[in-house]
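Student: What follows is a structure written as structure tokens; I'll ask about it next.
Derivation of every value follows stated rules applied to the coordinates shown; laboratory data play no part. Source: prediction; values computed, not measured. Heads up, the Cβs are rebuilt from the backbone with ideal geometry, glycines too, and the neighbour counts pull from every protein chain shown.
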Amino acid sequence: MRRSERTFPVRCEFRFSFFAVLGFMVCTDSDGTMLLCALACLLHELGHLTVMLVLHDPPDSLVFYGGGIHIRGGSTGFPAVIAGCAVNTALFLVFGLIPWENEQVRLFGVINLLIAAFNLLPVRELDGHRLLELTLIHAFTPEKAARLTDICERVMLIIILPSVILLVFSGRLNFSAIIFFFYLLVVEIFEKI
């Protein structure tokens, strides 16, 4: 079926790992925090998708997998790349800064801020990697910009990995959360191959 004949202009693919993680969240999330995280992630990706559709450069497909949602194809320009973090930041301003009575509403705002900050890390598959590359392309050749972006990514990983291990051993981060994090990392690697 051609793209113009579809009801929704983007093909959606659902992997088993997406349903496995969703099932895990439903079974273990007693206070709804994980579902708020999933909603914030979905809204982040919808921000990207909306700008791509407005720019008439939609992605080929949306892949729902255990690590989240991966957008294949479409615009990789600044407006489309920054749109997800912009949505999360706007949601933080609405739900996180206003003194709502409901604690879950304020938590949703904080979750959106954390997702925006996380996605701005210059690590491959995150928005920060592409944004850094787009910024460096203005100052350097595309090849040099790609090399500098890769160096920044390696430095960031050298900082993040020991930090995660330190948080686990200091008791500030639950060990089962780390196992779940590494499961998502492995799923992300294998789902992209």
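Student: Determine, from the Cβ-Cβ distance of Ile158 and Thr135 and an R0 of 25 Å, the FRET efficiency 1/(1 + (r/R0)^6), rounded to the nearest 0.05.
Tutor: In this case the efficiency is close to 0.75.
Student: Still on this structure, please answer the following. First select every other residue whose beta carbon is under 14 angstrom from the beta carbon of Lys144; then total the charges, Lys and Arg +1, Asp and Glu -1.
Tutor: -2
Student: By how many nm would the segment from Leu53 to Phe16 grow when fully extended, if each residue of separation counts as 0.36 nm and the alpha-carbon distance is taken off?
Tutor: Result: 10.6 nm gained on full extension.
Student: Grab the Cα-Cα distance for Thr76 and Phe24, subtract it from 0.36 nm times how many residues apart they are, and report the gain in nm with one decimal. Don't jump to the answer; show the numbers that get you there.
Tutor: Values: separation 52, 0.36 × 52 = 18.72 nm, distance 3.23 nm.
Value of the extension gain: 15.5 nm.
Student: To continue, here is another question. Rounded to a whole number of µm²/s, how large is the Stokes-Einstein D of the stretch 1-100 at 10 °C and 1.306 mPa s, given Rh as the Kirkwood radius over C-alpha pairs?
Tutor: Roughly 107 µm²/s, to the nearest whole number.
Student: Right, another one. Give me the distance in nm between label points sitting 7 Å out from Cα along the Cα-to-Cβ direction at Ile98 and Phe169, one decimal.
Tutor: 4.5
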